[in-house]
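Peer 1: Before we start, here is the structure in question, set down as structure tokens.
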Amino acid sequence: MTDEDKKQLLQGMFNGAQLTNVQVIGVVESGAKVVYKEVHGTEDGGRTPTDEEVARVIPEALSSAEANRLLAKAVEAGWLDEHWQPTVSSTEAALLAMRMAESLGIKTVWKVFGALWHRNSASLRAKYNVAMEQEKSRAFLGELRKRLR
């Protein structure tokens, strides 16, 4: 990941703000995570992100421009909040994770989204299995297919 890719990723996380003075610590654990800190503000005088935002860990599999685009669409749809945390039920979150992973070619779905959402990967997978047996999941899957293109 280039420095420009990192900057674009961070800008996406802060709703497109032009960030300055960003210190990206780098990729750790053999490419598993991108960690960053010390965001001091924005060029346009916007808000300074909170410590919680600054301490966020982003799985490397979600650090591409395409992942950022899909996450932004999920925020726009109301399925994720501005910190990329689910606002939907745990079964719907599991369906969202699988759909995004399919679109991005992520093979370790539960590990990646468990890390992003601070959830146990086995529990997330179990919720997916429950969702696949629920009738109401069909409508949500249709919405996912339609909006996450």
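Computed from the coordinates by the stated procedures, all read-outs in this text should not be read as laboratory data. The structure displayed is predicted, hence computed values, not measured ones. A quick note on method: Cβ atoms are made from the backbone with ideal geometry, for glycine too, and the neighbour counts reach across all protein chains shown.
Peer 1: Could you sort 126-136, 97-107, 73-83 so that the peptide with the highest average Cβ count within 10 Å comes first and the rest follow in order?
Peer 2: 97-107, 73-83, 126-136
Peer 1: Another one. Sequence gap at least 6, Cα distance under 8 Å: using those rules, report the relative contact order of segment 90-149 to the nearest whole percent.
Peer 2: 43
Peer 1: Quick one: net charge of F140's neighbours, Cβ under 12 Å, K/R +1, D/E -1?
Peer 2: +3
Peer 1: Right, something else. Applying the Karplus parametrisation 6.51 cos²θ - 1.76 cosθ + 1.60 with θ = phi - 60° to the phi angles of segment 94-107, what ³J(HN,Hα) value in whole Hz is obtained for each residue in order, glycine and proline being reported as x?
Peer 2: Values, residue by residue: 5, 5, 4, 4, 5, 5, 5, 4, 4, 5, 9, x, 8, 8 Hz.
Peer 1: Separate question: Give me a comma-separated list of calculated 3J(HN,Hα) values for segment 125-139, in order, Karplus coefficients 6.51, -1.76, 1.60 applied at θ = phi - 60°, integers in Hz, x for any Gly or Pro.
Peer 2: Once θ is set to phi - 60°, the couplings for segment 125-139 become 5, 4, 5, 5, 4, 5, 4, 5, 9, 8, 4, 5, 5, 4, 5 Hz.
Peer 1: Under a plain spin-label model, where a point goes 7 Å from the Cα along Cα-to-Cβ, how far apart in nm are S89 and K73?
Peer 2: 2.4
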